[in-house]
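Enquirer: A single structure is presented below for examination.
The values are calculated or read from the model by the stated rules, or taken from the named source; none is laboratory data. Since the structure is predicted, the reported quantities are computational estimates derived from the model, not experimental observations. Cβ sites come from the backbone with ideal geometry, for glycine too, and all protein chains shown count toward neighbours. The area values use the complete protein model at the heavy-atom level, side chains included, leaving out ligands, DNA and RNA. Shrake-Rupley method; radii C 1.70, N 1.55, O 1.52, S 1.80 Å.
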Amino acid sequence: MTIFDEFESAVQSYARSFPCIFNRAKNELLYDEAGNEYLDFLAGAGTLNYGHNNDLFKARLVEYIMADGITHGLDLHTKAKGEFLEAFNERILKPRNLDYVMQFTGPTGTNAVEAALKLARNVTGRENVISFTNGFHGVSLGALATTGNSHHRGAAGVSLGGSSRMPYDGYLGDGVDTTAYLDKVLGDSSSGIDLPAAVIVETVQGEGGINAASAEWLQQLESVCRKYDVLLIVDDVQAGCGRTGTFFSFEESGIKPDIVTMSKSLGGYGLPFAMVMIRPDLDQWKPGEHNGTFRGNNFAFVTAKAALDEYWADDRFAKDIQRKGEYVEKRLAQMAAAYGDGNFSTRGRGMFRGLNCVDGDLASKITRKAFANGLMIETSGADDQVVKILCPLIITDANLKKGLDILAAAIRDICA
Ligand code: PMP
């Protein structure tokens with residue numbers, strides 16, 4: 001009997017899936033109180049791209065704390081903030097020929113999305129925002145209104161307005177270009193869809209089941225936005241920071257969003273941190289219009305800069321992610337083929353991969369079996385039917401293989 005058994009109501013769903021008490025973690029491994037080791041294929045839902053307790057980040061953080069660096073600074077200019085901004089500009093924006101103004105928001109991805117939506121509405125004077133089926137953008141009311149999941153929406157307790165859902169890439173089946181539908185309704189004054197302030201999109205839908213939009217679809221989406229003078233917001237909260245094989249998930253498609261939301265792995269160390277990247281001419285906030293006590297966490301500035309220095313000074317890390325991603329895809333395809341009969345299909349991009357199961361029941365049996373053998377892995381998708389491969393990007397080849405071996409064995413045990 002643990003304290004968690006007594007306080008059942010405090011135990012949320014992750015804890016029900018992984019019923020043990022964790023007390024230590026390093027890189028891609030977690031340990032429980034009994035000393036058991038678990039491979040982490042969850043990575044804090046995309047927050048731990050650089051692993052748990054990354055040595056370099058930890059050293060920089062300890063050094064900063066020991067030197068009495070600023071902890072909390074609201075909007076003050078701090079050295080840590082300046083150094084992060086400089087590194088972000090030099091290592092990320094300039095080499096990609098991108099020009100954005102940075103706004104630090106409240107520390108969650110949701111809050112960055114709130115800021116992006118509010119800014120788009122203020123700048124355009126329009127209310128409606130187009131988002132997509134199966135999309136996930138957060139759980140506060142503005143962000144939730146753009147989230148395409150009735151389970152999450154149902155918790156709002158109020159009607160969620162100001163947003164219309166459109167079919168994501170692939171939603172209407174292979175080969176159907178759903179941006180043509182968007183183009184049609186936006187150009188049709190009798191469609192009943194108000195001309196939106198913005199379109200908000202994930203290039204790969206994480207919570208929605210690792211649905212990856214094609215580069216062509218994203219390019220088409222961008223051109224529809226340009227045609228109707230609608231702002232394009234890419235929500236890179238989960239897909240960003242290298243997950244898809246490039247720093248931003250939209251790089252491969254070559255699109256240039258007007259606004260980008262970032263959080264999760266941006267802070268590097270699992271520290272709460274979020275920001276909005278704004279096309280300079282759109283930065284029309286008046287002072288204090290979107291504030292928040294915990295915006296711009298100075299510890300996270302330190303570790304975020306460490307991540308940029310260590311992993312993004314050249315393209316070696318990106319190439320390594322792409323290589324690992326191809327390996328994951330190959331292994332998942334083998335698993336799908338071995339237990340065919342339409343039970344499985346693969347999906348995703350880079351190290352953002354999924355094994356789509358015929359239903360949520362099968363996916364949950366597989367993840368439970370995998371956990372019993374030392375692999376922490378979760379599901380996503382409308383029916384939780386997609387086994388989500390989201391390990392830290394720094395995972396060793398040996399542990400990546402080991403985790404996928406455990407997954408393959410779990411599938412064999414259940415399906416054989
Ligand atoms: N956008 C996306 C794409 C996400 O995946 C998430 C979180 N899963 C959010 C926004 C919300 O982020 P947070 O949970 O930090 O508020």
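Enquirer: Condition (residue is touching a residue at least 12 places away in the same chain (Cβ under 8 Å), on the phi > 0 side of the Ramachandran plot and open to solvent by 20 Å² or more (accessible area, probe 1.4 Å)) applied to the stretch 164-178: is it met by at least one residue?
Expert: Looking through the stretch 164-178, at least one residue is touching a residue at least 12 places away in the same chain (Cβ under 8 Å), on the phi > 0 side of the Ramachandran plot and open to solvent by 20 Å² or more (accessible area, probe 1.4 Å).
Enquirer: If you go through the stretch 65-81, how many residues are surrounded by 12 or more Cβ atoms within 10 Å (Cβ to Cβ) and in a helix (DSSP H, G or I)?
Expert: Counting residues in the stretch 65-81 that are surrounded by 12 or more Cβ atoms within 10 Å (Cβ to Cβ) and in a helix (DSSP H, G or I) gives 4.
Enquirer: Right, here's the next one. Taking the options VAL199, VAL204, name whichever one is more than 21 Å from ALA382 (Cα to Cα), within 16 Å of the ligand (Cβ to nearest atom) and in contact (Cβ under 8 Å) with a residue 24 or more places away in the chain.
Expert: Result: VAL199 is the single residue among VAL199, VAL204 that is more than 21 Å from ALA382 (Cα to Cα), within 16 Å of the ligand (Cβ to nearest atom) and in contact (Cβ under 8 Å) with a residue 24 or more places away in the chain.
Enquirer: Quick one: PRO287 ticks every box in (1) touching a Leu at 6+ places or on another chain (Cβ under 9 Å); (2) over 18 Å from ARG353 (Cβ atoms) except a single one, so which number is it?
Expert: (1)
Enquirer: If I filter the stretch 34-64 down to residues being open to solvent by 60 Å² or more (accessible area, probe 1.4 Å) and touching a residue at least 12 places away in the same chain (Cβ under 8 Å), which single residue comes out as farthest from the chain's Cα centre (by Cα)? Show your work before the answer.
Expert: Within the stretch 34-64, the first condition is being open to solvent by 60 Å² or more (accessible area, probe 1.4 Å), and the residues that meet it are 34, 36-37, 55, 58, 60, 62-63.
Narrowing the set further to residues that are touching a residue at least 12 places away in the same chain (Cβ under 8 Å) leaves 34, 36-37, 58, 60.
On the way: ALA34: 32, ASN36: 28, GLU37: 26, LYS58: 23, ARG60: 25 Å.
Here the residue is ALA34.
Enquirer: I would also like to ask the following. Of all residues in the stretch 351-380, which are of a type outside the set (Val, Ile, Thr), within 17 Å of the chain's Cα centre (by Cα) and open to solvent by less than 10 Å² (accessible area, probe 1.4 Å)? I'd like the intermediate steps shown before the answer.
Expert: Going through the stretch 351-380, the residues of a type outside the set (Val, Ile, Thr) turn out to be 351-357, 359-365, 368-376, 378, 380.
With the extra rule that they be within 17 Å of the chain's Cα centre (by Cα), the set shrinks to 351-354, 378, 380.
Those that are of a type outside the set (Val, Ile, Thr), within 17 Å of the chain's Cα centre (by Cα) and open to solvent by less than 10 Å² (accessible area, probe 1.4 Å): MET351, PHE352, GLY354, SER380.
Enquirer: Right, something else. Just one of ALA155, ALA212 is within 16 Å of the ligand (Cβ to nearest atom) and surrounded by fewer than 16 Cβ atoms within 10 Å (Cβ to Cβ); which is it? Walk me through it before giving the result.
Expert: Numbers: ALA212 fails: surrounded by fewer than 16 Cβ atoms within 10 Å (Cβ to Cβ).
None of the others qualify; the one that does is ALA155.
Enquirer: Among GLY209, GLY175, GLY170, GLY192, which is the only one that is part of a loop (DSSP other than H, G, I, E, B), over 23 Å from ASN54 (Cβ atoms) and in contact with a Gly (Cβ under 6 Å, 6 or more places away or on another chain)?
Expert: Numbers: GLY175 fails: in contact with a Gly (Cβ under 6 Å, 6 or more places away or on another chain); GLY170 fails: in contact with a Gly (Cβ under 6 Å, 6 or more places away or on another chain); GLY192 fails: in contact with a Gly (Cβ under 6 Å, 6 or more places away or on another chain).
None of the others qualify; the one that does is GLY209.
Enquirer: While we're on this one: Give just the number: which of (1) free of Cβ contacts under 8 Å to residues at least 40 places away in the same chain; (2) buried (at least 23 other Cβ atoms within 10 Å of the Cβ); (3) not basic (Lys, Arg) does TYR181 not satisfy?
Expert: (2)
Enquirer: Failed condition for TYR339, given (1) open to solvent by 30 Å² or more (accessible area, probe 1.4 Å); (2) touching an Asp or Glu at 6+ places or on another chain (Cβ under 9 Å), with all others met?
Expert: (2)
Enquirer: Within the set of pairs 6 or more residues apart or between chains, which connect a residue that is on the phi > 0 side of the Ramachandran plot inside the stretch 328-345 to a residue that is assigned to a helix (DSSP H, G or I) and surrounded by fewer than 18 Cβ atoms within 10 Å (Cβ to Cβ) with Cβ atoms less than 9 Å apart?
Expert: Partner pairs satisfying both residue conditions: ASP341/CYS415.
Enquirer: Right, here's the next one. Just to check your reading of the model, which residue among VAL113, VAL139 is within 16 Å of the ligand (Cβ to nearest atom), in a helix (DSSP H, G or I) and under 30 Å from SER380 (Cβ atoms)?
Expert: VAL113
Enquirer: Any residue at all in the stretch 293-301 that is small (Gly, Ala, Ser), open to solvent by less than 50 Å² (accessible area, probe 1.4 Å) and part of a loop (DSSP other than H, G, I, E, B)?
Expert: yes
Enquirer: Do you know which of the residues in the stretch 3-33 that are among the hydroxyl-bearing types (Ser, Thr, Tyr) and surrounded by 11 or more Cβ atoms within 10 Å (Cβ to Cβ) is modelled with the highest pLDDT? If you could, list the steps in order and put the result at the bottom.
Expert: Initial filter on the stretch 3-33 (among the hydroxyl-bearing types (Ser, Thr, Tyr)): 9, 13-14, 17, 31.
From the residues that got through so far, the ones that are surrounded by 11 or more Cβ atoms within 10 Å (Cβ to Cβ) too are 14, 17, 31.
Numbers: TYR14: 63, SER17: 79, TYR31: 97.
Ranking the qualifying residues of the stretch 3-33, first place goes to TYR31.
Enquirer: Quick one: GLY254 ticks every box in (1) of a type outside the set (Ser, Thr, Tyr); (2) farther than 20 Å from ASN111 by Cβ; (3) within 11 Å of the ligand (Cβ to nearest atom) bar one, so which box is it?
Expert: In the conditions (1) of a type outside the set (Ser, Thr, Tyr); (2) farther than 20 Å from ASN111 by Cβ; (3) within 11 Å of the ligand (Cβ to nearest atom), GLY254 misses (3) alone.
Enquirer: Residue check: is GLY242 more than 22 Å from GLU114 (Cβ to Cβ), under 20 Å from the mean Cα position of the chain (by Cα) and open to solvent by less than 10 Å² (accessible area, probe 1.4 Å)?
Expert: In short, yes.
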